[in-house]
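Visitor: There's a structure below that I have some questions on.
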Amino acid sequence: MTDTAYRAPDLVASDIDSYLDQHAHKSLLRFITCGSVDDGKSTLIGRLLYDSKMIFEDQLAALEADSKRVGTQGQDIDFALLVDGLAAEREQGITIDVAYRFFSTDRRKFIVADTPGHEQYTRNMVTGASTADLAVILVDARKGILTQTRRHSYLAHLVGIRKLVLAVNKMDLIGYDRTRYDAIVAEYRAFAGSIGIDDFVPIPISGFKGDNIASRSENTPWYSGPTLMEHLETVPLDVTADQARPFRMPVQWVARPDLDFRGFSGLIAAGRIAPGDPVRILPSGRTTTVARIVTAGGDLPHAVAGQSAMLTLADEVDCSRGDVIVRADAPAEVADQFEATILWMADEEMLPGRGYWLKLATQTVSAQIQAPKYQVNVNTMAHLPARTLGLNAIGVANLSTDRPIVFEPYAAADGAISRDLGGFILVDKITNATVAAGLIHFALRRAANVHWQAIDVTREAHAAQKNQRARLLWFTGLSGAGKSTIANLVEKRLLALGHHSFLLDGDNVRHGLNRDLGFTDADRVENIRRVGEVARLMTDAGLIVLTAFISPFRAERDMVRAMLPPGEFMEVHIDTPLDVAERRDVKGLYAKARAGELANFTGIDSPYEEPLNPEIRVNTIDMTPEQAAEAIVDRLLGMPA
């Protein structure tokens, strides 16, 4: 295409260095387009790329050919195809994954994220919003405010986006009706106020026709506001806001090339730093001063938020990856229990009590989530009761970590957003998949007020009094495998030999301690967590504890193992094939499960994850229960104390 509108600026040909320097110093705006399905997000971005002259001739030729082949606009250009690149997106005419595009104008550079409108891809929308400065909320003028309009507006505000544009799209399809436009804006204003959105800029547009995108439309003489491009080019960006906050730098890497140098590298999340400034290392709390700010091109006199830096410190203090270097007189908070908003992103529902990896800045710790306090209905903003969270659900819950972490509230009282130290992700320990994003509200008061009480009689003293080493024998296997029978025989033999023991049986515990729990995956996790805590207390008393539970998930068995000192947890797998366990079923549970009368039954419609490396494996086909019990006791008593 040879249209003069697509010729490069004259400065490119006359002075390329000046052009590149001018381009390098333009401000950068990151924004997202979001809203409901078919509101025109991809088309709008395609139009912005086209009008900003960011399409090369070969791209334009391919776009014209693709528009005729798979487009949705007849013989006209389908601008959405510039963004929807996946085959599945083109086949269905929808956006599935987040698509990032770069473009620029004479005044500013832009990175735009086209986010999906379908509810099932809400997690992708959150990914795009997590780094954005501005959100363009699109509304189809024919349909008005929909569920996803509310959901995406709420999520954008939740993750800290404070600059919003309400783009009422497809005005051409309603004859540029001002009354309809005003009604949509009024409805959105009422909703926005209910979720804390104080201000937004409404613009009537047509992404397909180009009305009020890059130039003012003659079809809306009643509209006197800016075009979308004008607003994007001129919306204020407070690039120094993070620099005005107290200094924060999560340590990503410790450089030690020789014995005489040790530098601490990371991206400065907030504030500014200079040699001689006093700093504090968290979570240890040790203080020192900055000696140098080192770069390959020489030392810097100062560094600010947004820069990557390597600091050397005046003193030999302990500092490693995961620590956070902060201003000495304005430190961040340190705690191990929090309230947080959780945005669940996995197909499998959240399991309260299960351990997940929590990653915040450069810190990685093990975390457990409690049952949600409530789930948020994004239509009404009502707080609904919930025992867990499913895909795309948003809720508030308490969580705890296995050690203190450095953090700041995601949204501070003064309006500041701390994405680096306030936002986190949760990762499944087995699959390594990201299952949730979280925003910390505050540390629980009890995290600072509840401490371990020192006691004089130790767990070692309790065990020595009983002339034994405390152990936890964790019997696991399918229902009907023989766990309770064998565990009972083991305890009888230990009693006869003069040992102090106690048996926690799965059925018996559900009559009291766990009588409030059912058999969903979430309840099974909580069942094992409670039993693990009780068993740990009993081993503190010096007892040999036996537990007989199906405990179908490896993650929870590993969680209990981690509660005890090394060597005290012994996993005993009562290994019985499913068909054999089913034939032994004296309670008739398998028959009920097969008939659909008993849901979430392990081995039928709920999985059993066999131990990978149990300390003891018992094959109940080759051994009688008595032989199995004798072998277990011999192994237990033959182990070194």
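The values are calculated or read from the model by the stated rules, or taken from the named source; none is laboratory data. For clarity, every value in this text was computed on a predicted model and none was experimentally measured. Don't worry about glycine lacking a Cβ; one is built from the backbone with ideal geometry, like all the others, and counts go over all protein chains shown. These area figures cover heavy atoms from the full protein model, side chains too; ligands, DNA and RNA do not enter into them. Shrake-Rupley method; radii C 1.70, N 1.55, O 1.52, S 1.80 Å.
Visitor: Can you tell which of PRO226, ASN600, LEU589 lies farthest toward the positive end of the dipole of the chain, using +1 and -1 charges on the Cβ of basic and acidic side chains (Lys, Arg; Asp, Glu)?
Guide: The one lying farthest along the dipole's positive direction is LEU589.
Visitor: Normalised by the residues of the stretch 501-591, what does the relative contact order come to in percent, with Cα pairs under 8 Å and at least six apart?
Guide: Relative contact order here is 31 percent.
Visitor: May I ask what percent, to the nearest 5, of DSSP beta bridges between residues of the chain are antiparallel?
Guide: Values: 73 of 117 bridges.
Antiparallel bridges make up about 60 percent of those DSSP assigns within the chain.
Visitor: Quick one: Cα centre-to-centre distance for the stretch 524-574 and the stretch 478-494, in angstrom?
Guide: One Cα centre to the other: 16 Å.
Visitor: Around ILE145, under 15 Å between beta carbons, what's the net of Lys plus Arg minus Asp minus Glu among the other residues?
Guide: Within the 15 Å Cβ shell, the charges total +2.
Visitor: Continuing with the same structure: Quick one: grab the alpha carbon gyration tensor of the stretch 512-616, order the square roots of its eigenvalues as a ≥ b ≥ c, and give me rounded if a/c is under 1.5, else prolate or oblate depending on whether a/b is larger than b/c.
Guide: Prolate is the answer for the stretch 512-616, as a/c is 1.5 or above and a/b outweighs b/c.
Visitor: Of [x] 1.04; [y] 1.01; [z] 1.06, which one was derived for Rg/Rh (Cα atoms, Kirkwood Rh) from the structure shown?
Guide: Label [z] holds the value from this structure.
Visitor: So who's got an amide H within less than 5 Å of the one on THR295, skipping anything under 5 residues away but keeping other chains? H placed 1.01 Å off N, in plane.
Guide: Here the answer is LEU300, since their amide H atoms fall under 5 Å of that of THR295.
Visitor: At a threshold of 8 angstrom on Cα-Cα distance, excluding pairs fewer than six apart, so keeping six or more, what relative contact order does the stretch 323-392 reach in percent?
Guide: Values: 79 pairs, mean separation 22.0, N = 70.
Rounded, it is 31 percent for the stretch 323-392.
Visitor: Near ARG529, within a Cβ-to-Cβ distance under 15 Å, what is the net charge of the other residues, with Lys and Arg +1 and Asp and Glu -1?
Guide: Spelling it out: positives minus negatives among the neighbours equals +2.
Visitor: Relative to the longest principal Cα axis of the chain, at what angle does helix 625-638 sit, 0 to 90 degrees, rounded to 10?
Guide: Between helix and principal axis, roughly 80 degrees.
Visitor: Report, to the nearest whole %, how much of the accessible area of the stretch 590-630 belongs to carbon and sulfur atoms, 1.4 Å probe, protein only.
Guide: 47
Visitor: Okay, next question. How much net charge surrounds ALA270 when only the other residues with a Cβ under 11 Å from the Cβ of ALA270 are counted, with Lys and Arg +1 and Asp and Glu -1?
Guide: Details: positive: ARG245, ARG248, ARG272, ARG327, ARG419; negative: ASP242, GLU408, ASP420.
Counting the neighbours of ALA270, the net charge comes to +2.
Visitor: Here is a further query. If I fit a long axis through the Cα atoms of helix 178-194 and take the longest principal axis of the Cα atoms of the chain, what angle between them do I get, 0 to 90°, rounded to 10?
Guide: 30
Visitor: Still on this structure: Among 562-573, 607-618, what's the highest-first ranking by average C-beta atoms within 10 angstrom per residue?
Guide: Ranked from most to least packed, the peptides come out as 562-573, 607-618.
Visitor: Using mean Cβ contacts within 10 Å as the protection proxy, how do 324-330, 309-315 order, highest first?
Guide: The densest-packed peptide leads the list: 324-330, 309-315.
Visitor: Additional query: Please work out the C-alpha center-to-center distance from the stretch 413-429 to the stretch 229-265 and express it in whole Å.
Guide: 16
Visitor: Is it possible to state the helix-based mean residue ellipticity at 222 nm for the chain, with each DSSP H run of 4+ residues giving -39500 (n - 2.57), the sum divided by total residues, to the nearest 500 deg cm²/dmol? What is it?
Guide: Calculated at 222 nm, the ellipticity per residue is -8000 deg cm²/dmol.
Visitor: Would you work out what percent of the accessible area of the stretch 316-443, with all protein chains in place, is carbon or sulfur (probe 1.4 Å)?
Guide: Within the stretch 316-443, the accessible surface is 49 percent carbon and sulfur.
Visitor: Additional query: Go through LYS163/LYS429; LYS429/LYS592; LYS163/LYS209 and tell me which ones have a Cα-Cα distance over 31 Å in this structure.
Guide: Distance filter (> 31 Å) returns LYS163/LYS429; LYS429/LYS592.
Visitor: Have a look at THR295, VAL525, GLY415 and report the one farthest towards the positive end of the charge dipole of the chain, computed about the Cα centre with Cβ charges (Lys/Arg +1, Asp/Glu -1).
Guide: VAL525
Visitor: Hey, what angle do you get for helix 41-51 against the long axis of the chain, alpha-carbon based, 0 to 90 degrees rounded to 10?
Guide: 40
Visitor: Give me the accessible area per residue for the chain, probe 1.4 Å, as a whole number in Å².
Guide: 47
Visitor: If you stretched the chain out fully between ALA562 and LYS587, how much longer would it get, using 0.36 nm times the residue separation minus the C-alpha to C-alpha distance?
Guide: Details: separation 25, 0.36 × 25 = 9.00 nm, distance 3.34 nm.
Gain on extension, ALA562 to LYS587, equals 5.7 nm.
Visitor: Relative contact order (percent) for the chain, with alpha-carbon contacts under 8 angstrom and 6 or more residues of separation? Walk me through the intermediate numbers first.
Guide: Working: 1254 pairs, mean separation 53.7, N = 641.
Averaging sequence separation for qualifying contacts and normalising by length gives 8 percent for the chain.
Visitor: Given a 1.4 angstrom probe, I'd like the percentage of the accessible area of the stretch 445-544 that is carbon and sulfur, rounded to a whole number.
Guide: 54
Visitor: So, one more: Kindly state, to the nearest 0.05, the FRET efficiency for THR312 paired with GLN252, given R0 = 22 Å and r defined as their beta-carbon distance.
Guide: Details: r = 15 Å, r/R0 = 0.70.
Approximately 0.90, to the nearest 0.05.
Visitor: Between the stretch 275-311 and the stretch 352-403, what is the separation of their alpha carbon centroids in Å?
Guide: After rounding, the separation between the Cα centres reads 35 Å.
Visitor: Now a separate question. Under a point-charge model restricted to the Cβ atoms of Lys and Arg (+1) and Asp and Glu (-1), what is the dipole moment magnitude of the chain relative to its Cα centre, in debye to the nearest 20?
Guide: 1360
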